[in-house]
Amino acid sequence: MRFLRGFKRFSILLLIVLMLTPTSVQAGTSAPENGVLSCTYAAPEEVHSYLDHLFDGDAYSTVTLYRRESLTVSFPESTAERFLYLAFYDLPDAYEIVFSDAAGAQLSRTRIENTRQLYAMLPIEPNAASATVFAADSSLRLCECFACTDAFVPPFPDTDACADALILLNAPGDELRLLGGLLPLLAGERRLSVQTVYLTRADGYRMQQCIEVLRASGVTREPLFGTGREPSTRSEKAVYSAIAPRSEWKQALVEQIRTLCPKLIVTLDPDPEQERFADSVIADVVCDAAASVPEVACKVYTLSRDGGTQLSMNEPLTAFDGVTAGSFADTLSDFYREERILPRRLPDTVRFKLVQSSVGDDVACNDLLEHLSDVLPTPVPTP
């Protein structure tokens, strides 16, 4: 009986130890052809049953790490350059990455904060056998996390320094509500490299819907999101407080324009009487920044209710099986499952005002790319 009581106490103690010890799950036994490496994971017990969400390809199935919790990914040696791929459900405030060797010795520790991107591909240290992701200051919601080689194709593969077009908007949903089928026309049909920037942030659910719209439109560059929320009051001070001080904000846009060297910039309506006042402030700062680098931007347009350039959304798109830009945009609106952010019908015609041009004024006034044929690619679209 004494032996049985001792064995029972030992069993309970062993069970408690197992519950407190991080557990591992095997994420596959071989490296698929897409460059993803076979990885194992160690995480807190409450996360264990959700670890398969990290490699199921579904952005809406996530793993949450709370403050100071960590997830360790172990991966095999490889002669190819390796990367740690992370996809977040919403913008992370801050996180830390620790690379360790096979003996568990720390090779490096990096803190990443104030990022405006939902994806990261971080080079793995040459001698590293594992990477640990720490939720630094607040919780971290991961959609995907694994090691890969450069054969892996991320959701937005275009990482070139330059872009053909720069689209600066307020919040996710504007790309359809205000621009109609412009993105499918530029990115899908014309095959331009389009960088979209949203100056304010939304919740993770809305940002993931935006990602679906952009990818379906043919956009191959990852969007950038602001870190501030849209203000509820109609004042410039409130907008600058939510996004950034004007001088800081303008300088950041100037640097972005100089880096991307876009031939086309499109932004919001500067009319201060419109329903969403922040749009006018955003447009004003964007135009001010673009005017500071006239050697870079060829054409700068703002949305305008009485603009002289009218873009019809009734143009058939070969890249989308002959569907018109407007009809395709209506289809894309289904991605935004909360109908309140979009009108029942998207605009058939979108009007723009040309506010800056180094290639001359519009003549036909029905194409944002007028006079840009010599500086932009003109590939033949394929369905």
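Tabulated results
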item	result
Matching residues in the range 256-305 - criterion: being in contact (Cβ under 8 Å) with a residue 40 or more places away in the chain, among the polar types (S, T, N, Q) and surrounded by fewer than 21 Cβ atoms within 10 Å (Cβ to Cβ)	256, 259, 292, 304
Positions within the range 194-203 being hydrophobic (A, V, I, L, M, F, W, C) and either in contact (Cβ under 8 Å) with a residue 40 or more places away in the chain or assigned to a loop (DSSP other than H, G, I, E, B) (or both), in sequence order	197, 199, 202
Pick from the range 212-222, criterion surrounded by 21 or more Cβ atoms within 10 Å (Cβ to Cβ) and assigned to a helix (DSSP H, G or I), ranking: farthest from the chain's Cα centre (by Cα)	217
Residues satisfying the stated conditions in the range 85-117, i.e. open to solvent by 70 Å² or more (accessible area, probe 1.4 Å), under 20 Å from residue 197 (Cβ atoms) and outside any loop (DSSP other than H, G, I, E, B)	113
Selection within the range 66-84 - of a type in the set (A, V, I, L, M) and open to solvent by 10 Å² or more (accessible area, probe 1.4 Å)	80
Cβ-Cβ under 6 Å pairs, at least 6 apart or on other chains, the range 204-220 side closer than 16 Å to residue 174 by Cβ, far side open to solvent by 30 Å² or more (accessible area, probe 1.4 Å) and part of a helix (DSSP H, G or I)	209/335; 212/335; 213/335
When residues of the range 223-247 are limited to those that are basic (Lys, Arg) and in a helix (DSSP H, G or I), the one least open to solvent (accessible area, probe 1.4 Å)	246
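The values are calculated or read from the model by the stated rules, or taken from the named source; none is laboratory data. Remember, it's a predicted structure, so these values are computed and weren't measured experimentally. Cβ atoms come from the backbone with ideal geometry, glycine included; neighbour counts cover every protein chain shown. Side chains included, ligands, DNA and RNA excluded: accessible areas come from the protein's heavy atoms. Shrake-Rupley method; radii C 1.70, N 1.55, O 1.52, S 1.80 Å.
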